[in-house]
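So the structure is just underneath, and the comments pick up after that.
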Ligand SMILES: [Ca+2]
């Protein structure tokens, strides 16, 4: 396909696909009538809707999974998922936590939500607009049980913004963007409020003091496994597992991981890089044990690229891509992603089908039987049929961002990418390559992938399917199965194919300074953004200027607000809470029964009445702090005085 037709976009791609299919099928009338009249997916009555599991890593870089070629941090369970499924190597994400999660939950580009600039700070009285319908709300409507575990980062200043008011039946995790892995204390990053510190871990609305001292990755994994084990398997399940790892903790602390995890990476010279993502294997194993994996869609991805430098650096690496978290360069926005499902017919492949975070909502709903047309005015494409059968992606353009506060914009269309504005922070090539100069890594061991919990569970499913086929048709050759078990050869080939190489000679590099003039790259030939084609390709450059102008018309101004001092955790029993509620502390009293499972409780009686006290906060200044359950709002001011008497 020539360059112009790539640029013209998806209309052309669709026509080409359409014609070629007509020629192949050669039964135009049947094709037309089937296209118009038949549902694409089997109706919900004939087959149970698939379980959907999204495992989201936080700030994991391109080179922080070993399936992209680095030996430095082996990720055998994630790799097993990737090699058995599809490695999504052209998967774009907004470059920061809040915008990325906003688009995942709504199917909309953050520029259409006012969420395109920066992240949500703990003291900001805003959140993902309540006018938006979120993925779990759609899924709940069609019969799914919906659970969120881990990070939220989409607002909590009023309780209506928190996960259990937005379609999730349950949430165990934290509302802010980061925290300490053990104390679960979140420190405000905004310099104006940098002294604000508070505890941030909840079961639904209830403060989960019992988690103090427990490692975040472990408690989230345990919760995911518990939810799977308790699930009524006659219902479809949506599990959103948003890990803290490998995001950095608070500014004043190093990354923290259990000693046994750190010891595994003793060969990495950079001590802050000795970390590991959440435990994917435990979750897959639990799904297999409950008989749910056979009918599951499992996605593992990062919300944005790694922050290799700066105050929130986790020493993650986007090598060999340019730039990092928060920037429109590939290192910030081309995200690690893989999908596995036994429903995918063409699996065990590396995909270059273009995809954006917004596409997951319509894609997953499509897998659950909801037509894209029912979803209204969203930006996402339904890529489910495209992924299942390895067809050409209808997506040919991604507005990576238009951020007029930071003053930059970036768009990918076809093979080309256009960047304009202020991007100097993190515009260099950063991050560990995994080469021996950074410490000697053990050689990649594909057997560790095959024998990982994930590898074993998926092999079990494939083998069971093959056995069923043999049983049904005695004449079938024992080696001629449509689906086959993963081999060492598959691993080696896919790993090689998934690796990005820059392939640009020093003399071919063309400098680019997007704050002075827009830059243009051919991402297919130059994924490392080293050759600025702005001067060589004036027609394409002009076209991008027009495309940007067109998209500017639909941008909603960023919703960022100044911090509110009333958010200060000191006012709220050292917790980050929904401070804009009429009685913020009452939030933690709403579910007394659940809370008492985890905490010692007591009943207090005095002249004003009686109420329950529960929950012990071991780090309180005065020794012990209690959380009060069922306190009438007019008694709230007496709360501190009363508890200090106990
Ligand atoms: Ca992130």
*Mean projected area (nm²) of the alpha-carbon convex hull when the range 158-260 is viewed from all directions*: 7.8
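If packing is taken as the mean number of other Cβ atoms within 10 Å per residue, what is the order of 564-571, 454-461, highest first?
Values: 564-571: 17.1, 454-461: 20.8.
Packing proxy ranking, top to bottom: 454-461, 564-571.
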_Rounded, prolate or oblate, given the Cα gyration tensor of the range 51-394, with a/c below 1.5 counting as rounded?_
rounded
*For the range 61-179, report the translational diffusion coefficient in µm²/s to the nearest whole number, using Stokes-Einstein at 25 °C, 0.890 mPa s, and a Kirkwood Rh over Cα pairs.*
153
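Based on the mean of other beta carbon atoms within 10 Å per residue, what is the order of 102-109, 518-525, most packed first?
102-109, 518-525
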*If you project the alpha carbons of the range 452-570 onto the principal axes, what extent comes out on each, in Å, largest first?*
68, 58, 30
*Packing-based order for 186-195, 150-159, 165-174, using average beta carbon neighbours within 10 Å, highest first*: 150-159, 165-174, 186-195
*asked:* Antiparallel versus total DSSP beta bridges in the range 51-394: what percent is that, nearest 5?
replied: 35
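Read the figures in this text as sums done on the coordinates, not as results from a lab. Please read these numbers as outputs of a predicted model, since none were measured by experiment. Counting neighbours? That spans all protein chains shown, and the Cβs are built from the backbone with ideal geometry, glycine included.
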